[in-house]
Amino acid sequence: MSGPFVSLLMRDLRLAARSGGSAALALAFFALVATLVPLGVGADLRLLARIAGGVLWVGAVLAALLSLDRLYQGDFDDGSLDLIALSPLSLEQVALAKLLAHWFSTGLPLTLLSPLLALLFGLPAPGTWALFLSLLIGTPAVSAVGAIGASLTLSLKRGGLILPLIILPLLAPAVIFGAGAVTAALDHLSNGALGLLSAFSLAAVLLSPFAAAACVRLNLAG
Amino acid sequence: MFRYANPAVFMRLSGALLPWVSGAAVIALAVGLWQGFHVPPDYQQGMTVTIMFVHVPAAIVAEMAYGAIAIASLFSLVWRHPLADTAARAAAPLGAVFTALGLVTGSLWGRPMWGAYWVWDARLTSFLLLLFLYLGYIALWNAIEDEARAARAAAILALVGAVNLPIIKFSVDWWNTLHQGESIISGQIASIFLWPLLFMALGYMLLFASLWMVRIRTEIVNRRARSLMQRAG
Amino acid sequence: MSDFLAMGGYGAFIWPAYGVSVLALIGIVWQSWAAWRAAKKKLDALERDGA
């Protein structure tokens, strides 16, 4: 599993870094959302601190969406996907590698930026820590579910428009548990949010490669 | 199940069943409506309890339809049942309409009690997400040009959605208790309200069944027409 | 009769709820049957033209 898996992973990471830096785009989008919301709801820091968990989680999910439709599309368009399918890796392993690459180039950077954005919302330290943790645990689920959507809408001309419609409802639990973790920290309670989020993420990351591989097979066969 | 895989067999069977199912639906709905309007006011809700007789059946069918799509998708992917894709696709618009109906009636039910047309009640919120799941499913079918590919992709999406749906409902319930939202259905239903509810629910389900058959038959006929045109032209 | 319509003051919610339900149900019934009739008509025409 190691050799070809790691090289596929590194290749995808390099591609992500090259193609206009998808991390930079996602980070900028994330920061913009964090800027626009206070402009919309007003500068009351107590209110902002209250809604920070939810707003930043939604912002992170939307930012991660941006680079999703390129997850398989680029390789599909130039025929690389056919070649990759012929490699010793199973399509499920390919899907997992691509999922990880997406997370490294999108979810992880978003997580790392989140404490700074939490500052803009006047989120107290326990809340910021909870936000960071929840994003760290939850963004892999976003990449996982997103990968399923990306493979489903592969080869669609305007697939990018359907992608959010398909995967956002499926990500509701992540947003609920992720923001719920922040709320718990602010109220000095424990509501099990992080545990539930971990379970969701684990399940998503484990199951997504199978669904995504099935969809890719569908498109390669035709 | 595979005896009914042959479209001709399905057409014969559904053609025979249709009048009975439709008739039963009409009767059940008529009885339910009549009973519904002869019900006394509820202690807490007054006569708004009658909205339950159109809200809950819609909700039941909305979920039932998604279950039907999930099962049909399973048959399509695992056992390659020829009619399964048609059945799944036919059920989707019906499910979406019943979900939307559930949302509107739920909102009207909540308004006199809670003073707002929308409260983030756990069930209504899950319903809203279910509506989006339907819309995504229908959009995917329409977006992919190749029918066979669309069918398989839609089936995968339906199954992913079906697995996720209990998780979504659980998380919304959890979220609701966290933020202490309102609840539309509280506690037991008095037996005097149960009978109209059961008849209406039965009527709605039979209505769904008959419309589903009609739509599957329509698609079978359309396919036959398409293949005739291809042969001619 | 006006008591029936008022429904204890909740008429403004009950009747729209039933109204929307009736409209929606009639709507999909009509649309489903119309699509069926159109399809049947098309197929009959094609089969008549000797396919």
Practice task
Please give the number of the condition A:L71 fails out of (1) buried (at least 21 other Cβ atoms within 10 Å of the Cβ); (2) out of contact with any Lys or Arg (no Cβ under 7 Å at 6 or more places or on another chain).
Solution key: (2)
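Conditions tested, residue by residue: (1) outside any helix (DSSP H, G or I); (2) within 22 Å of B:L129 (Cα to Cα); (3) free of Cβ contacts under 8 Å to residues at least 12 places away in the same chain.
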{"position": "A:H102", "(1), (2), (3)": "no, no, no"}
{"position": "A:T106", "(1), (2), (3)": "no, no, no"}
{"position": "A:L123", "(1), (2), (3)": "yes, no, no"}
{"position": "A:T128", "(1), (2), (3)": "no, no, no"}
{"position": "A:V142", "(1), (2), (3)": "no, yes, no"}
{"position": "A:S155", "(1), (2), (3)": "yes, no, no"}
{"position": "A:L163", "(1), (2), (3)": "no, yes, no"}
{"position": "A:G180", "(1), (2), (3)": "no, yes, no"}
{"position": "A:N191", "(1), (2), (3)": "yes, no, yes"}
Handout entry: Condition broken by A:G79, with the remaining ones in (1) touching an Asp or Glu at 6+ places or on another chain (Cβ under 7 Å); (2) surrounded by fewer than 18 Cβ atoms within 10 Å (Cβ to Cβ) satisfied
Key = (1)
Completion exercise
Exception for A:A43 within (1) at pLDDT 85 or above; (2) out of contact with any helix residue (DSSP H, G or I) (no Cβ under 7 Å at 6 or more places or on another chain); (3) assigned to a helix (DSSP H, G or I) falls at (3)
Exercise for the section: Being surrounded by 24 or more Cβ atoms within 10 Å (Cβ to Cβ) and at pLDDT below 95 is the filter here, so list the residues in segment B:60-84 that pass it. Expected result: B:S76
Fill in the blank from the handout: Reported set for segment A:152-175 where residues are crowded, with 23+ Cβ neighbours inside 10 Å and over 15 Å from the mean Cα position of the chain (by Cα) is A:L152, A:T153, A:L154
Problem - Output for segment B:135-158, where each listed residue is under 17 Å from B:P93 (Cα atoms) and more than 7 Å from every other protein chain (Cβ to nearest Cβ) - result: B:Y137, B:I138, B:W141, B:N142, B:A150, B:A151, B:A154, B:A155, B:A158
Practice task
Being out of contact with any Leu (no Cβ under 8 Å at 6 or more places or on another chain), farther than 19 Å from B:L207 by Cβ, touching a residue at least 24 places away in the same chain (Cβ under 8 Å) and of a type in the set (A, V, I, L, M, F, W, C) is the filter here, so list the residues in segment B:89-132 that pass it.
Solution key: B:L108, B:W109, B:M113, B:W114, B:V119, B:W120, B:A122, B:L129
Handout entry: Where A:A185 falls short, out of the listed (1) modelled with pLDDT of 95 or more; (2) closer than 18 Å to A:W57 by Cβ; (3) more than 9 Å from every other protein chain (Cβ to nearest Cβ)
Key = (1)
Completion exercise
When segment B:197-218 is checked residue by residue, the ones that are facing chain C (nearest Cβ under 8 Å) and over 20 Å from B:V54 (Cβ atoms) are B:V214, B:R215, B:R217, B:T218
Practice task
Take segment B:101-128 and flag every residue that is modelled with pLDDT of 90 or more and within 14 Å of chain C (Cβ to nearest Cβ).
Solution key: B:L101, B:G102, B:L103, B:V104, B:T105, B:G106, B:S107, B:L108
Exercise for the section: Name the one entry in B:F53, B:F98, B:F37 that is surrounded by fewer than 19 Cβ atoms within 10 Å (Cβ to Cβ), within 17 Å of C:S21 (Cβ to Cβ) and within 11 Å of chain C (Cβ to nearest Cβ). Expected result: B:F37
Exercise for the section: Exactly one condition in (1) within 22 Å of C:G27 (Cα to Cα); (2) in contact (Cβ under 8 Å) with a residue 24 or more places away in the chain is not met by B:G23; state its number. Expected result: (2)
Exercise for the section: For segment A:81-96, state whether one or more residues are under 23 Å from the mean Cα position of the chain (by Cα), of a type in the set (D, E, K, R) and not in a helix (DSSP H, G or I). Expected result: no
Problem - Of all residues making up segment A:129-151, the number that are buried (at least 24 other Cβ atoms within 10 Å of the Cβ) and either more than 30 Å from B:A158 (Cβ to Cβ) or polar (S, T, N, Q) (or both) - result: 6
Completion exercise
Among the residues of segment A:46-68, the number that are among the charged types (D, E, K, R) and either assigned to a loop (DSSP other than H, G, I, E, B) or surrounded by 12 or more Cβ atoms within 10 Å (Cβ to Cβ) (or both) is 1
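The values are calculated or read from the model by the stated rules, or taken from the named source; none is laboratory data. Just so you know, these numbers come straight off a predicted model, no measurement behind them. Cβ atoms come from the backbone with ideal geometry, glycine included; neighbour counts cover every protein chain shown.
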